[in-house]
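One structure below.
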Amino acid sequence: MFLKPLFPALLAGALFASPALADDDVKADSVVSKKVKKLPKLAIPTGPPPGQAAYEAMLAEHQGREYEPEAYIAQQVIGLDPKFTHDARNGLHLIYLRDYKGARAQFFDLGQNYPGWGIGPVGEVLVWQALMLENFDFRFEVQYQTALRKSQAELQAAMELPGNDAWEFFLMAGVLGIDSIHTMRHEEWMKALSRGYEAMKMVAKVKELAPDFADIRVGDGLFNYWVTVVSKSTKAIPDMGDKRGDGVADMRRVESQGIFLAPAATLALTFTWIEEGQKAEALKTAQRNAKRYPNNIINNLVLARVLMYNNRFADSEKMLKHVQATDPKNRRSHYYLARLYLRWKKPAKAIASLDSYLAFSGLDKRDRGVALYYKGVSHQRLQQWDQAEAAYKESWKVSKLDRSKRRLDSLDKAKARAESPAPAPAPPPAKPAGG
């Protein structure tokens, strides 16, 4: 099926969407238009995910051993050395905790201790991608491409030798999936599609070799949910039926039973509930990651928006300020603060946040154009007509954003309506005679 390889990239584009993809009048970061989607709201699952009882039995079986039980479950389901699993999990936790220096050191040591396994350069790939996704930029493109080439070369060499096959296919699937996302962000669509096809081949190999390895189910979970959403929302794609329940079940299973990808599954579920309009459930899901990884910028940016959707404006502001305290160079937090202040009816603060955002170097033309558009909206709400006009003009000049042109063309009418005297209230109806 030609669609399947595209969905990991499509989802990632949604998870880490550029500010340019968001609309001020959209109440959630929906991937598709609510106007064309005809799907009933998905019921929030209750009870444990599939396979939970068997998983908990394995956890109990391995309690009290040298490493955490998950390290021995990995040995059982995918044949990994428990110490290797323990160290690899620690490296991933350091990334989730945003200790990138510690994560790089951890993966370097893993690469030295397990030569030929691909884990060292794959860890580098993950670190550089996480740093770039925090701002949706390409600041570390050179470092990323170097690590990508090393990881693929090392894994290709390993895959030519017998042994450790499921793990090697799993890592290669991850690397190809990440690069599919990366090339999509560069708008290299055919290259992204090719990477997606190769990733899905690797996924199929892992499922064949290690069918009880829960982590690999995250791909099926994402596909089953999002193929339903997209196919139900456009006539350009055949209707695939409603597979959302199956998708959520797989994502929940990885969240509770994943050895490596549990936090990623939680983030995916957050966006699932945003798409479903289940704002309270989206908040609970995002908060689970925030509790475990309080300084993870990617999750906290999502959490701030979910708080905003739940009309918890002060909490959303607090979370975005926390992001800025974590990384003063994070620019996306300023953009999302502006979006928050617009919804909060604080346009002057929105302008200040947009000015901070626009002061960062390296913004692409579309992101700059969208920020200028919202600056125009903010000035218009304050009835600062000349400033609004200047912002819309600059937005159109920079990015040819259609909505800036529409605002510009209708600005005189908006000004006239705002400045026209309010009509006198109608007199109360006369009482009937004899009343």
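The values are calculated or read from the model by the stated rules, or taken from the named source; none is laboratory data. Worth saying up front: this structure is predicted, and the values here are computed from it rather than measured. Neighbour counts are summed over all protein chains in view; Cβ atoms, including those assigned to glycine, are modelled from backbone coordinates with ideal geometry.
General observations
- Filter result for Ser333 (within 16 Å of the chain's Cα centre (by Cα) and among the small types (Gly, Ala, Ser)): yes
- The set of residues from region 229-257 being charged (D, E, K, R), part of a loop (DSSP other than H, G, I, E, B) and in contact (Cβ under 8 Å) with a residue 60 or more places away in the chain comprises Lys232, Asp242.
- Restricting region 141-150 to residues that are within 19 Å of Gly111 (Cβ to Cβ) and under 24 Å from the mean Cα position of the chain (by Cα), the residue that is surrounded by the most Cβ atoms within 10 Å (Cβ to Cβ) is Ala147.
- Test: Ala74 is under 30 Å from Pro115 (Cβ atoms), modelled with pLDDT of 95 or more and hydrophobic (A, V, I, L, M, F, W, C): yes
- Output for region 187-228, where each listed residue is outside any helix (DSSP H, G or I), touching a residue at least 24 places away in the same chain (Cβ under 8 Å) and surrounded by fewer than 18 Cβ atoms within 10 Å (Cβ to Cβ): Asp212
- Criterion applied to Ala199, Ala210 was being out of contact with any Leu (no Cβ under 7 Å at 6 or more places or on another chain), within 24 Å of Pro263 (Cβ to Cβ) and among the hydrophobic types (A, V, I, L, M, F, W, C), and the one residue passing it is Ala210.
- Looking only at residues of region 265-299 that are surrounded by 18 or more Cβ atoms within 10 Å (Cβ to Cβ) and assigned to a loop (DSSP other than H, G, I, E, B), we find that the one that is nearest to the chain's Cα centre (by Cα) is Asn296.
- Criterion applied to Ala348, Ala388, Ala371 was being at pLDDT 95 or above, crowded, with 21+ Cβ neighbours inside 10 Å and over 30 Å from Leu133 (Cβ atoms), and the one residue passing it is Ala388.
- You will find that of Gly102, Gly91, Gly79, the residue that is closer than 16 Å to Ile259 by Cα, surrounded by fewer than 18 Cβ atoms within 10 Å (Cβ to Cβ) and either touching a helix residue (DSSP H, G or I) at 6+ places or on another chain (Cβ under 6 Å) or in contact (Cβ under 8 Å) with a residue 40 or more places away in the chain (or both) is Gly79 and no other.
- Of Ala158, Ala262, all but one fail to be buried (at least 19 other Cβ atoms within 10 Å of the Cβ), touching an Asp or Glu at 6+ places or on another chain (Cβ under 6 Å) and more than 30 Å from Glu56 (Cα to Cα); the exception is Ala158.
- Among the residues listed as Leu363, Leu320, the single one being in contact with a helix residue (DSSP H, G or I) (Cβ under 8 Å, 6 or more places away or on another chain) and not in a loop (DSSP other than H, G, I, E, B): Leu320
- Here Val323 fulfils each of the conditions (1) surrounded by fewer than 21 Cβ atoms within 10 Å (Cβ to Cβ); (2) under 24 Å from Arg139 (Cβ atoms) apart from (1).
- Residues of region 418-425 include none that is surrounded by 17 or more Cβ atoms within 10 Å (Cβ to Cβ), free of Cβ contacts under 8 Å to residues at least 60 places away in the same chain and assigned to a helix (DSSP H, G or I).
- Of the residues in region 21-42, at least one is under 26 Å from the mean Cα position of the chain (by Cα), under 30 Å from Tyr357 (Cα atoms), outside any loop (DSSP other than H, G, I, E, B) and at pLDDT below 50.
- Residues of region 161-186 satisfying the condition of being surrounded by fewer than 16 Cβ atoms within 10 Å (Cβ to Cβ) and under 23 Å from Arg217 (Cα atoms): Gly163
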